[in-house]
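The values are calculated or read from the model by the stated rules, or taken from the named source; none is laboratory data. Keep in mind that this is a model prediction, so the values were computed, not measured. Please note: Cβ atoms are built from the backbone with ideal geometry, for glycine as well, and neighbour counts cover all protein chains shown.
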């Protein structure tokens with residue numbers, strides 16, 4: 001019984017601290033999304049690459065700003081505030097020109113760009129979505145909220161790695 | 001007949017110029033390979049990504065040093081001396097952890113690293129292989145010459161783009 005009381009007290013304290021730190025931390029808070037493209041992202045360093053089949057048929061290169069790269073290389077979890085992760089998506093297309101040279105169908109390359117997504121870590125500003133601000137841009141324009149609302153429900157299933165899917169490729 | 005004579009003369013002039021510029025440019029010259037890993041390459045910027053099926057089953061991220069990125073962005077061909085292009089290869093593997101979260105088999109990620117390849121542009125030093133020095137490292141060790149000798153015969157089929165396969169992904 002004492003243990004349970006202690007546990008409940010601890011939970012209450014943690015909840016209190018979270019409420020204090022986030023200002024308005026209730027689960028009902030409206031999510032805040034990122035609507036500006038972080039400058040200079042195309043010059044950031046590589047975290048890894050990815051390829052989605054099924055409906056997406058996409059190729060991604062995942063980049064990180066300096067804070068992100070440092071955290072990845074040092075294995076820091078959760079990611080510190082200031083982390084920004086960018087996923088640049090392209091069509092995953094067969095390269096006819098390469099296949100002709102190779103003499104067989106084997107080569108897939110990045111086709112037309114499709115969208116760019118970002119995750120921006122700020123545990124205060126984005127408290128209602130696990131400390132991450134989500135962003136999705138098509139042709140430089142932010143996607144509508146209905147699209148952005150689909151990010152967090154899926155990413156939050158990955159609690160063990162602070163909601164981030166991509167692992168660092170050495 | 002005059003056209004043929006002119007053509008032969010032109011070919012002779014081009015051959016002469018090439019011989020002059022490369023110092024020892026005969027087709028019999030032993031190829032020179034790159035045997036040291038260029039420092040800092042993992043921090044270079046992204047050119048694009050690639051995926052090879054067939055025997056390779058590989059995922060690549062292709063990076064460029066500052067000279068390479070500038071040339072790509074400005075569309076400079078041939079690439080200037082000092083250009084270095086790096087291809088970091090990994091196994092192309094299904095991500096069970098991502099698929100579990102997504103609820104379907106769709107996700108492929110970079111698996112174990114397999115090798116790193118470089119192309120180093122120096123039109124004098126690597127004259128016998130089109131101005132490019134080729135390199136291939138497994139676990140940090142240069143591949144044997146038999147492997148390196150396979151690079152140029154394939155790359156030289158891509159004369160239109162200075163022997164480089166990868167196009168820049170915006």
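For the range A:130-142, name all the residues that are part of a loop (DSSP other than H, G, I, E, B) and over 13 Å from the mean Cα position of the chain (by Cα).
A:139, A:140, listed by residue number.
Six or more apart or on different chains, Cβ under 9 Å: which pairs go from a residue in the range B:147-160 that's farther than 21 Å from residue B:77 by Cβ to one that's part of a loop (DSSP other than H, G, I, E, B)? Could you list them?
Note: pairs meeting the criteria are B:148/B:31; B:148/B:33; B:148/B:34; B:149/B:31; B:149/B:33.
Every residue in the range A:58-84 that is touching a residue at least 60 places away in the same chain (Cβ under 8 Å) and touching a helix residue (DSSP H, G or I) at 6+ places or on another chain (Cβ under 7 Å), please.
Once the filter is applied, which keeps residues that are touching a residue at least 60 places away in the same chain (Cβ under 8 Å) and touching a helix residue (DSSP H, G or I) at 6+ places or on another chain (Cβ under 7 Å), the range A:58-84 yields A:77, A:79.
Would you pick out the residues in the range B:111-129 that are assigned to a strand (DSSP E or B) and farther than 14 Å from residue B:79 by Cβ?
B:111, B:112, B:113, B:114, B:115, B:116, B:117
Residues in the range B:143-162 that are closer than 20 Å to residue A:100 by Cβ, more than 11 Å from chain A (Cβ to nearest Cβ) and outside any helix (DSSP H, G or I): how many?
2
Within the range A:41-91, count every residue that is part of a strand (DSSP E or B), farther than 28 Å from residue B:105 by Cβ and over 13 Å from the mean Cα position of the chain (by Cα).
Of the residues in the range A:41-91, 1 are part of a strand (DSSP E or B), farther than 28 Å from residue B:105 by Cβ and over 13 Å from the mean Cα position of the chain (by Cα).
With the requirement that a residue be away from chain B (no Cβ under 12 Å) and farther than 25 Å from residue A:112 by Cβ, what does the range A:34-69 give you?
Matches in the range A:34-69: A:65, A:67, A:68.
Tell me yes or no: at least one residue of the range A:116-129 is in contact with a strand residue (DSSP E or B) (Cβ under 6 Å, 6 or more places away or on another chain), over 25 Å from residue A:49 (Cβ atoms), at pLDDT 95 or above and in the same structural domain as residue A:88 (by TED's automatic domain parsing).
So far as the range A:116-129 goes, yes, one or more of its residues are in contact with a strand residue (DSSP E or B) (Cβ under 6 Å, 6 or more places away or on another chain), over 25 Å from residue A:49 (Cβ atoms), at pLDDT 95 or above and in the same structural domain as residue A:88 (by TED's automatic domain parsing).
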